[in-house]
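Participant: Attaching a single structure in structure tokens format; questions to follow.
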Amino acid sequence: MKTARVKKSAGTGDRYSALRVLRDRDAGLYLAGVVVSGFGTSALWLAAGVWVKDLTGSDGLAALCMLAMWAPTLAGPALGTLADRVRRKPLLIATSLLMAGVLLSLCAVDSPNTLWLLFAVLLVYGAAGVVHDAAESALVAAAVEPDLLGDFNGLRMTANEGMKLVAPLAGAGLYAAYGGASVALLDAATFVLATGLYTALRVRETPPERPTSNWRRQTAEGARYLWGHPGLRPLVLAGGVTMLCAGVNGATTYAVVDALGHSPTYAGALYAVQGAGSVTVGLLAGPALRRLGGRRFASAGIALLAVAVTVRAAPYDAVALASSAAIGAGLPTVLIAALTSVQHATPCPLLGRVTATANSLVFTPNVLGLAAGAALVELTDLRLLLPAVGAVLLATALALTLTPTSRPADR
């Protein structure tokens, strides 16, 4: 599957590469869709947990909202195969319209007895997100100049993190004023708007080749390609270990705040600073990837993350804020490097399922890390736990740097 048009590099310097992405009509429309839909998703993410807590009083059920949205990543390889069996632009449009319609059903959630509907919608939400990300990644790889994919993925990270700084507060305010249904309607509206943006894309696709094998075999083909690729496998494995450690670290946030002697609301300041770090590294990712290559860029970020997590154990406000900014800057590097490498190295007909498989391997460990961290933070002193997590991250950075590869572009 490929687009009908091929873009040529403009040859301008690294410092203008982000502007080249933004000036590209299709890339700009993609990023606008990311901003719009990301705002609605981030607003609903917070409001759903508050909604469940208000209706049941249960912290455990409220926490299940996050699990419901993440659970479909376990089926990522199979879901991503859909993006290789149909044209991707219509799939993006259909997925967005589906979610807009499904979210309207949340207007019926008004008691504990109707909470099953909320959890069902969150599961569908997560599954649609897996398909959407696979289709988007594949379509972007065909529509954006290859040398600008790193810039695009960095800007995408910046847009996502930027929405996380403002959307949860907006969602919380809307929920407090008008209830959970109002947040669902807002999210549905963002999907409708994103649908309009995707419809305006000028990317033209040839129909996908007729499948020569069944769904299970196609899914396995994507997994085999990813696992057998000497450049992609180390990056994806490093991403999974990094996200596992990030989950453990994330579970310690309120313990860190307590050690600083602040109220739990201080966590908001730490998250805001972390988001600012992620926004910054997203803007710099394209030039950094071109200068360092995917592995060295990811290794440098993981090493920075290792140091930041380790020093976070020190009970000082300045250290906590600086380490949060460093965590925000270090964590996205391996995610951006892995996605960009997948887009560069994977044949277009396989790209949907390979992207979804890579996302499953990278992001599923984060949920496991959150669960493990929730238990460890109760049993282990922060001065031991955080340096131990930092040591694992540093070992991951070194392993990624030292792993041999026959592909110079991946170094």
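Participant: For region 194-216, enumerate the residues that are surrounded by 12 or more Cβ atoms within 10 Å (Cβ to Cβ), in a helix (DSSP H, G or I) and either touching a residue at least 12 places away in the same chain (Cβ under 8 Å) or not small (Gly, Ala, Ser) (or both).
Facilitator: ALA194, THR195, LEU197, TYR198, THR199, TRP215
Participant: Now, a different point. Can you find a residue that is part of a helix (DSSP H, G or I) and modelled with pLDDT of 85 or more anywhere in region 55-65?
Facilitator: Yes: one or more hits.
Participant: Against the condition crowded, with 24+ Cβ neighbours inside 10 Å, of a type outside the set (A, V, I, L, M, F, W, C) and either at pLDDT 90 or above or assigned by TED's automatic domain parsing to the domain that holds LEU284 (or both), how does THR355 come out, does it pass?
Facilitator: yes
Participant: Is it fair to say ALA48 is touching a Cys at 6+ places or on another chain (Cβ under 7 Å), in the same structural domain as TYR175 (by TED's automatic domain parsing) and in contact (Cβ under 8 Å) with a residue 24 or more places away in the chain?
Facilitator: yes
Participant: In region 280-295, which residue that is surrounded by fewer than 20 Cβ atoms within 10 Å (Cβ to Cβ) and touching a Ser or Thr at 6+ places or on another chain (Cβ under 7 Å) is farthest from MET163 (Cα to Cα)?
Facilitator: Here the residue is PRO287.
Participant: Report yes if GLY247 is closer than 19 Å to LEU370 by Cβ and surrounded by fewer than 18 Cβ atoms within 10 Å (Cβ to Cβ), otherwise no.
Facilitator: no
Participant: Which numbered condition trips up TYR266, out of (1) in contact (Cβ under 8 Å) with a residue 12 or more places away in the chain; (2) buried (at least 16 other Cβ atoms within 10 Å of the Cβ); (3) more than 30 Å from GLY80 (Cα to Cα)?
Facilitator: Answer for TYR266: the failing condition is (1).
Participant: How about region 309-356: which of its residues are among the small types (Gly, Ala, Ser), in contact (Cβ under 8 Å) with a residue 60 or more places away in the chain and in a helix (DSSP H, G or I)?
Facilitator: ALA320, GLY328, ALA337, ALA338, SER341, ALA345, GLY352, ALA356
The values are calculated or read from the model by the stated rules, or taken from the named source; none is laboratory data. Treat the numbers as computed from the prediction; the structure is a model and nothing was measured. All Cβ positions, even for glycine, are placed from backbone atoms using ideal geometry, and neighbour counts span all protein chains on display.
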